[in-house]
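Chemist: I am attaching a structure below and will ask some questions about it afterwards.
The values are calculated or read from the model by the stated rules, or taken from the named source; none is laboratory data. Small disclaimer: the values here were computed from a predicted structure and weren't measured. Cβ: placed from backbone, ideal geometry, glycine included. Neighbour counts: every protein chain shown.
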Amino acid sequence: MGCSVLHIIGFDSSSDKAVLQSALETSVAVVASKRSYKELQKHCLRNICPPLVPVVPLAICIDTIGDCLKNGDVTVLASGDPFFFGIGRRLAQAFPEQKISVHPALSSMQLAFARFNIPWDDAAFVSLHGRSNDHWAASLLQHGKTFVFTDPKNSPDIIAAKLMDDCGKNATLNLSVYVAEHLGFESERLVTGTLADIAAQKFVDPNVMILVNPEDRLVTYPCFGLKEFEICHSRGLLTKNEVRAAAIHALRLPRKGVFWDVGAGSGSVGLEAARLFPELQVFAIEKEEEQWQNIEANRKKYAAWNMNRIQGEAPDSLQQLPEPDRIFVGGSGGNLKEILEICSGRLLPHGIIVVNAVILKTAQIAPRVLSELGFDVEISEISVQRYKYPEEKRVQFNPIKIIVGRKLS
């Protein structure tokens, strides 16, 4: 591409006009949104305004940039800091050998927090650009303060309505929401309110959103290692602390994907998984009404909004679920062979199934069936004793076999 330069400039009212002028004078094209290009035309010095290359669809835009760079420089008008959830990353990947000159402006994140007088050094950042709206709540509400990059489909009103629908109005009453439209331009607008307030309005793109949740549960509980008394359960029916930790270790959970907790009981394994990885979609499958209520209580208590309750008996209740990356089988109701056969067919390549065997029948059936289904099978046996020092009184739990099946393809 010769000696041409790809100029990536953060464009708003605070942009360095001399830098912009210099880039435009040598450019054969300007890559921008229609709104930014109109703003550029208003403020162009010496009437220098190269023709527009629309930024979307991005794949076509990148091909066009490549063609234009053969004939001269190209100026890209980015939003704020191009390398903070911006187009800069994609352009650097697309043109690794190209000379690139980057001039960031204040990012929309910095401007938004400044406008609302909110410190941002302790905030989390989530981008919903181009993402489906199925599972937002866990990612957006796991922190006390979250900055959200929106898009026309995932606008603040839609996000707010979805959060209320997923979590319930009572669970989100104390959440404060801040929305900033057209930051850095004359049409800038700032809105503050509750989720209900935001859901009732309409917003013009581009905009960003800040969620502030004063009830940050992470302050109270660890991200992993809940104790039995902290988990809602019935009649002592839950996976014990030591066994739960070993099972989750054996599962080698991905940060994103789908996890089935089959025969979930109180849902303790799925709960820990959901809290560890907010972008992991957890499906807790349980047939008993009492346990189903415990799962819901735990989900609300720990804001584990990526934990989905499925009331029904396996294997029938598994048919409509998305294909899993990992499966934990804590209970089978006498249907272990059928459950494993269904799980084997639905499990994604190189996935893992972990079966906790409390009774001898489970310990005999699970390894044999998994092996026949083509899994690599490994078994660990855990025997737990508990006592406090210097006391000698010990509590002995029945040994449990943890059966791990790894799908080879």
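Chemist: Pairs only if they're at least six apart or on different chains, beta carbon under 8 angstrom, first in segment 301-330 and in the same structural domain as Thr362 (by TED's automatic domain parsing) and in contact (Cβ under 8 Å) with a residue 60 or more places away in the chain, second among the acidic types (Asp, Glu) and assigned to a strand (DSSP E or B); list them, first residue then second.
Modeler: Qualifying pairs under 8 Å: Phe328/Asp261; Gly330/Asp261.
Yes/no per residue for (1) within 23 Å of the chain's Cα centre (by Cα); (2) in the same structural domain as Ser383 (by TED's automatic domain parsing):
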| position | (1), (2) |
| --- | --- |
| Met164 | yes, no |
| Lys169 | yes, no |
| His182 | no, no |
| Phe203 | no, no |
| Pro206 | yes, no |
| Met209 | yes, no |
| Pro214 | yes, no |
| Ile248 | yes, yes |
| Leu251 | yes, yes |
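Chemist: Please verify whether segment 245-259 includes one or more residues that are free of Cβ contacts under 8 Å to residues at least 40 places away in the same chain and crowded, with 23+ Cβ neighbours inside 10 Å.
Modeler: No, segment 245-259 contains no residue that is free of Cβ contacts under 8 Å to residues at least 40 places away in the same chain and crowded, with 23+ Cβ neighbours inside 10 Å.
Chemist: Let me ask something additional. Return the residues of segment 297-315 that are out of contact with any His (no Cβ under 6 Å at 6 or more places or on another chain) and closer than 22 Å to Lys256 by Cα; say none if nothing qualifies.
Modeler: Matches in segment 297-315: Asn298, Arg299, Lys300, Tyr302, Ala303, Ala304, Trp305, Met307, Asn308, Arg309, Ile310.
Chemist: Next up: Would you check if there is a residue in segment 30-46 being at pLDDT 90 or above and β-branched (Val, Ile, Thr)?
Modeler: Scanning segment 30-46, I find at least one residue that is at pLDDT 90 or above and β-branched (Val, Ile, Thr), so the answer is yes.
Chemist: Can I ask one more? (1) without any contact (Cβ under 8 Å) to a residue 40 or more places away in the chain; (2) among the polar types (S, T, N, Q); (3) closer than 26 Å to Gly184 by Cα: which one isn't true of Ser13, the others all being true?
Modeler: (1)
Chemist: In the set Ile285, Ile295, which member is more than 30 Å from Ser371 (Cβ to Cβ), touching a Ser or Thr at 6+ places or on another chain (Cβ under 7 Å) and of a type in the set (A, V, I, L, M)?
Modeler: Of Ile285, Ile295, the one residue that is more than 30 Å from Ser371 (Cβ to Cβ), touching a Ser or Thr at 6+ places or on another chain (Cβ under 7 Å) and of a type in the set (A, V, I, L, M) is Ile295.
Chemist: Criterion first (in contact with a strand residue (DSSP E or B) (Cβ under 9 Å, 6 or more places away or on another chain) and among the basic types (Lys, Arg)) does Arg189 satisfy it?
Modeler: yes
Chemist: Please determine, by comparing only the residues of segment 261-275 that are free of Cβ contacts under 8 Å to residues at least 60 places away in the same chain and in a loop (DSSP other than H, G, I, E, B), which one is farthest from Ile352 (Cα to Cα).
Modeler: Among residues in segment 261-275 that are free of Cβ contacts under 8 Å to residues at least 60 places away in the same chain and in a loop (DSSP other than H, G, I, E, B), the one farthest from Ile352 (Cα to Cα) is Ser266.
Chemist: With the checklist (1) more than 26 Å from Leu128 (Cβ to Cβ); (2) in a strand (DSSP E or B) in hand, flag the one item Ile8 doesn't pass.
Modeler: Among (1) more than 26 Å from Leu128 (Cβ to Cβ); (2) in a strand (DSSP E or B), the lone unmet condition for Ile8 is (1).
Chemist: Something else now. Among the residues of segment 207-224, are any buried (at least 20 other Cβ atoms within 10 Å of the Cβ) and either of a type in the set (Phe, Trp, Tyr) or out of contact with any strand residue (DSSP E or B) (no Cβ under 9 Å at 6 or more places or on another chain) (or both)?
Modeler: No, that holds for no residue.
Chemist: Just the residues that are of a type outside the set (S, T, N, Q) and either touching a Pro at 6+ places or on another chain (Cβ under 9 Å) or assigned by TED's automatic domain parsing to the domain that holds Phe185 (or both), please, taken from segment 8-59.
Modeler: The answer is Ile8, Ile9, Gly10, Leu24, Val28, Ala29, Val30, Val31, Ala32, Lys34, Arg35, Tyr37.
Chemist: Go through segment 376-398 and give me each residue that's in a loop (DSSP other than H, G, I, E, B) and among the hydroxyl-bearing types (Ser, Thr, Tyr).
Modeler: Passing the criteria: Ser383, Tyr387, Tyr389.
Chemist: Is it true that Ala273 is within 27 Å of Ala171 (Cβ to Cβ) and modelled with pLDDT of 95 or more?
Modeler: In short, yes.
Chemist: Take the residues of segment 109-133 that are in contact (Cβ under 8 Å) with a residue 60 or more places away in the chain and under 29 Å from Arg275 (Cα atoms): which is nearest to the chain's Cα centre (by Cα)?
Modeler: For segment 109-133, the residue satisfying everything is Ala123.
Chemist: Output the residues belonging to segment 45-85 that are without any contact (Cβ under 8 Å) to a residue 24 or more places away in the chain, surrounded by fewer than 15 Cβ atoms within 10 Å (Cβ to Cβ) and assigned to a loop (DSSP other than H, G, I, E, B).
Modeler: Pro51, Val56, Pro57 - these are the residues of segment 45-85 that are without any contact (Cβ under 8 Å) to a residue 24 or more places away in the chain, surrounded by fewer than 15 Cβ atoms within 10 Å (Cβ to Cβ) and assigned to a loop (DSSP other than H, G, I, E, B).
Chemist: Still on this structure, please answer the following. Select, from Val102, Val76, the only residue that is under 33 Å from the mean Cα position of the chain (by Cα), in the same structural domain as Val30 (by TED's automatic domain parsing), under 19 Å from Pro206 (Cβ atoms) and modelled with pLDDT of 95 or more.
Modeler: Val76
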